[in-house]
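The values are calculated or read from the model by the stated rules, or taken from the named source; none is laboratory data. Given the structure is predicted, the values throughout are model-derived calculations rather than measurements. With ideal geometry, Cβ positions are generated from the backbone for all residues, glycine too; neighbour counts draw on all protein chains shown.
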Amino acid sequence: MLKKIDHIAIAVENLEEEIERFRDVMGLEYIGTETVEEQKVKVAFFKIGDVHIELTAPTADDSPVSKYLAKRGPGIHHIAIETDDLKQQISDFQKKEVRMLDNEPRVGAHNSLIAFAHPKSFSGVLVELKESGDK
Ligand code: CMX
């Protein structure tokens, strides 16, 4: 079952500059930064109410986020929705003919398990399903 929005991810070019902006200008609570090697991204988390904002920057020229930034520039990259059972949710979506980019869970930030659905399935929005880890 889908429970709530976990985070909204924003693709950025300069992570340090944007951390300052979201922390010092917007005044959000800064949680910390983590590199997700496997996905070639470095992410910074902020808390606002029950939701997080995740700034996502590429760590390599061949990172998918480099591709995204080159094509579209900085902006909202994905919306992550929490589920209590990721494998079950993937299977439910598959039955409903949602096109999954990940048919098996993989590891995201904070040891969470994640799976992306193809943006074509949800009005052009990249949707991440997330089963919480140790955050
Ligand atoms: N918004 C809208 N469309 C997007 C998109 C985005 N952010 N990212 C990719 N797409 C589109 C592509 O244009 C492509 O469309 P077509 O099939 O029409 O050509 C399609 O989605 C598939 O993209 P792809 O790059 O060809 O597919 P991959 O399977 O190689 O990669 C994805 C897909 C989403 C995993 C990868 O692009 C990506 O963004 N990886 C980084 C993920 C990330 O931010 N991880 C953070 C982890 C931290 C956490 O949240 O836990």
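General remarks:
- Checking each residue in segment 83-111 for being over 15 Å from Val127 (Cα atoms) and near the ligand (Cβ under 9 Å from one of its atoms) picks out Val107, Ala109, His110.
- Of all the residues in segment 116-135, those that are within 9 Å of the ligand (Cβ to nearest atom) and not hydrophobic (A, V, I, L, M, F, W, C) number 7.
- Considering each residue of segment 39-60 in turn, none proves to be out of contact with any Pro (no Cβ under 9 Å at 6 or more places or on another chain), aromatic (Phe, Trp, Tyr) and more than 21 Å from Glu82 (Cα to Cα).
- Test: residue in segment 33-48 that is modelled with pLDDT of 95 or more and more than 15 Å from the ligand (Cβ to nearest atom): yes
- Put simply, of Leu101, Leu113, Leu86 the only residue that is in contact with a His (Cβ under 7 Å, 6 or more places away or on another chain) and hydrophobic (A, V, I, L, M, F, W, C) is Leu101.
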